[in-house]
Amino acid sequence: CRRIPFSLQQKMLIDFQVAAHRPSKLAAYLLCVFLGVLGAHRFYLGERKTAIVMLGIGITIIGLPVTAVWAVTDLFRIPAMIRQRDEETRKRLTAEAAE
């Protein structure tokens, strides 16, 4: 399959759509601070599998300290998670545009 180069306009449209689908850093941080032990920020950022694990662990008394440490660690990882989601969105949109 031969690749057709995208025009500048197509690249700009993809960049615009990536930005439009980008989650808010502020919302992610607020969810992490207030509901992070239950994985709310991970649900918001599209990390559903690990969010379900956090929720399952976080609803137990014994697991609460574990998810608390996990949430504090995620405070530093939120920008990287958003970049990863942007890249996944960009790849998906590029593949759709190439079809």
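Assorted remarks:
- The stretch 1-16: number of residues that are acidic (Asp, Glu) and either in contact with a Lys or Arg (Cβ under 7 Å, 6 or more places away or on another chain) or open to solvent by less than 70 Å² (accessible area, probe 1.4 Å) (or both): 0
- Within the stretch 69-93, residues that are farther than 17 Å from Lys25 by Cβ sit with their Cβ atoms under 7 Å from residues that are at pLDDT 95 or above and surrounded by 15 or more Cβ atoms within 10 Å (Cβ to Cβ), at 6+ positions apart or across chains, in these pairs: Trp70/Met54; Arg90/Val18; Leu93/Gln17; Leu93/Val18.
- Of all residues in the stretch 17-52 being in a helix (DSSP H, G or I), in contact (Cβ under 8 Å) with a residue 40 or more places away in the chain and open to solvent by 70 Å² or more (accessible area, probe 1.4 Å), the one that is nearest to Phe76 (Cα to Cα): Tyr29
- Verdict on Thr73 being open to solvent by 50 Å² or more (accessible area, probe 1.4 Å) and not in a helix (DSSP H, G or I): no
The values are calculated or read from the model by the stated rules, or taken from the named source; none is laboratory data. Values in this document were obtained by computation on a predicted structure and should not be read as measured data. Don't worry about glycine lacking a Cβ; one is built from the backbone with ideal geometry, like all the others, and counts go over all protein chains shown. Note: accessible area is taken over every heavy atom of the protein model, side chains too, but ligands, DNA and RNA are not part of it. Shrake-Rupley method; radii C 1.70, N 1.55, O 1.52, S 1.80 Å.
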